[in-house]
Structure formats: C-alpha cells, structure tokens
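Student: Sharing a structure, written as structure tokens. Questions coming.
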Amino acid sequence: MIEQHVYFNIDSVYLQTYPVPANEAGDLLPGWRVASAQDVARVERAAAVPVSVRRRQGRLALLEVGKLDMFEEAIGSIVDPGERRAAQIEYEADTWERDNAFLLRLWLEHGGTAEGLDELFILASSK
C-alpha cells in the first residue's frame, strides 16, 4: 500500500491526496509522483493568482506599482496604426486575463517578469 502523501501529476500540475493515483498493484500511475514541497508551493501559488481582473483593478494596481503612465505611453507610442489600435482595444477590455499574450508581452517588454505579473494580478484582485 502506498503511504498517504500528496501526489503531483507532471502533465497537469495537479495535486491529489486521495484517492491515491495508483493501479491495483499499488504502483503510481504514469505521470504521477510523490509531490515535493516545491511542487506543493508552486501549485498553491498558481491557485492564488487570479485568472482575470477587471480593468479598473488592473489600472489601480499599475498605478500603485508606478507603471500606469509607462504602459499607457507605450501603447500610445506604437508606430503602426493597426497595431496601436489593437493594443488600445486589449488595454481597454473590461477584463484583463492573466494569460493574455498582449498583456504578458507588454509587461515583459517593460522589465517585468512572469512572476511579477502574477504578483500584479494578486495585488489587482485586492482593489
């Protein structure tokens, strides 16, 4: 019998304590292993990051971290009119999604990190 641990699925970043992901012989199913403390922390951190925030929340968070003006100026300085308009539409969307490619690219281009964007979304969700 496999001891009671937290198990980690490599493919889906999923934690499970019960039922144990094992076959009838007691062997862990493919893709599963006993979770490390780092696995647990990573999954808990991912769960804490909101999938989306309202534009108002996002703008207040950007203001708080001193990046609101920089982001608005960056969008306004896009040379290509079509790209600039698309950027404005993305920025003015009612909901900002954490996995939005435009938002992530803009954040990274201006010195941010993926972890920093997670922190921004956590901050924004408190607004």
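What follows is calculated from the coordinates using simple rules that are stated; it is not laboratory data. None of these values were measured; they are calculated from a predicted model.
Student: I'd like the Karplus ³J(HN,Hα) series for region 65-76: coefficients 6.51, -1.76, 1.60, θ = phi - 60°, whole numbers in Hz, and an x wherever there's a Gly or Pro.
Tutor: My calculation for region 65-76 gives 8, x, 10, 4, 4, 4, 5, 5, 5, 4, 5, x Hz in order.
Student: From Cα coordinates alone, what are the radius of gyration and Dmax values for region 52-126 in angstrom?
Tutor: Radius of gyration, then largest Cα-Cα span, for region 52-126: 11.5, 35 Å.
Student: May I ask you to derive the relative contact order of region 52-126, considering only C-alpha pairs under 8 Å and at least 6 residues apart, and to give it as an integer percent?
Tutor: 48 percent
Student: Whole-Hz Karplus ³J(HN,Hα) for region 100-115, in order, using 6.51 cos²θ - 1.76 cosθ + 1.60 and θ = phi - 60°, x for Gly and Pro?
Tutor: Those phi angles translate into 5, 4, 4, 4, 5, 4, 4, 4, 5, 5, 10, x, x, 10, 4, 5 Hz.
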